[in-house]
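I have placed the structure first, in the form of structure tokens, so that the comments after it can refer back to it.
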Amino acid sequence: MTDGGAQRPRSSAQARPPRRPSPAVIRRRRIVVASLAGALVLVVALVTALWWPGFAVPDPLPTPTATVTAPVPTPTISPAERTGEQTALTKALPDAVLAHTQQGIENLPQWQEEDSATESWTVTYADGTGADATTITLQVGQWAKAEAATSFYEAQVKAAGNPVKQGDVLVDDQVVGAYALVHTDGGAVLWWHNGTVVLSAQGPADAVEDFYSAFPL
């Protein structure tokens, strides 16, 4: 007969502490959990893409901007006939500049008498014959030396007023002179010089700029 207060000894199975899973088992469990989580995220993304308005719709591609180039204006009237002996300078003056044609060449004695130009001329260019025609008056002169031409140009620009545009005249990327645009009452005058030649074009501001850009001297 045993003592009623004594405890029954534990069996070896009952006394053994619980075993922890091996590292390999833990890794496999983690892989399974991660795979399930990834699958769940993929399912949610697919459902959202299918049912959320515009979620999977790509942004529209930008529409390319079309560049429209206006046709170059061409003359609608014939140039005036040239009379008298032509110099190298007058021969270099074009009969047509964009839509404007030469309508008369006259001697300009003032620049010769007052400013020592070797020759100088006034040339009228027009794009038509009626009252609505645009007229540009070109004055051109040549000096014996480039320094004298530059000095005359600078004096004329100073007398004309404050230029709204100015810069260099380039030929084959080389600076050969300068230009200056000055607004006047009802129009503009654009002065420029190229070597020994000085020119001015007077008329409507927009027409004068286009005329200068297309002029060969």
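Odds and ends about this structure:
- Among all positions in region 175-183, there is no residue which is over 28 Å from the mean Cα position of the chain (by Cα) and either under 23 Å from Leu89 (Cα atoms) or modelled with pLDDT under 95 (or both).
- If the condition is being under 22 Å from Lys91 (Cβ atoms) and crowded, with 19+ Cβ neighbours inside 10 Å, then region 195-214 contributes Thr196, Val197, Val198, Leu199, Ser200, Ala201, Phe211, Tyr212.
- Flag for Thr129 being farther than 19 Å from Ala214 by Cα and at pLDDT below 95: yes
- Breaking point among (1) over 27 Å from Thr74 (Cα atoms); (2) among the charged types (D, E, K, R); (3) outside any strand (DSSP E or B), for Asp168: (3)
- Within region 91-119, being assigned to a helix (DSSP H, G or I) and crowded, with 16+ Cβ neighbours inside 10 Å holds for Trp111, Asp115.
- Odd one out for Val182 among (1) among the hydrophobic types (A, V, I, L, M, F, W, C); (2) buried (at least 20 other Cβ atoms within 10 Å of the Cβ); (3) assigned to a helix (DSSP H, G or I): (3)
- Of the residues making up region 175-202, those that are closer than 22 Å to Ala133 by Cβ and either in contact with a His (Cβ under 9 Å, 6 or more places away or on another chain) or among the polar types (S, T, N, Q) (or both) are Thr184, Val189, Leu199, Ser200, Gln202.
- Condition check for Leu170: under 32 Å from the mean Cα position of the chain (by Cα) and either surrounded by 19 or more Cβ atoms within 10 Å (Cβ to Cβ) or of a type in the set (Lys, Arg) (or both): no
- Test for Trp121: is it under 21 Å from Ala92 (Cα atoms), among the aromatic types (Phe, Trp, Tyr), at pLDDT 95 or above and in contact with a Ser or Thr (Cβ under 7 Å, 6 or more places away or on another chain): yes
- Within region 137-155, not a single residue is closer than 22 Å to Pro73 by Cβ, buried (at least 19 other Cβ atoms within 10 Å of the Cβ) and in contact with a Gly (Cβ under 6 Å, 6 or more places away or on another chain).
- Members of region 125-143 that are touching a Ser or Thr at 6+ places or on another chain (Cβ under 6 Å), in a loop (DSSP other than H, G, I, E, B) and farther than 16 Å from Gly187 by Cβ: Trp143
- Pair list, Cβ < 8 Å and 6+ apart or interchain, from region 72-91 residues that are touching a residue at least 12 places away in the same chain (Cβ under 8 Å) and closer than 29 Å to Gly130 by Cβ to residues that are among the acidic types (Asp, Glu) and in a loop (DSSP other than H, G, I, E, B): Pro73/Asp127; Pro75/Asp127; Thr76/Asp127; Ile77/Asp127; Pro79/Asp95
The values are calculated or read from the model by the stated rules, or taken from the named source; none is laboratory data. If you're wondering where the values come from, they're calculated on a predicted model, not measured in any experiment. With ideal geometry, Cβ positions are generated from the backbone for all residues, glycine too; neighbour counts draw on all protein chains shown.
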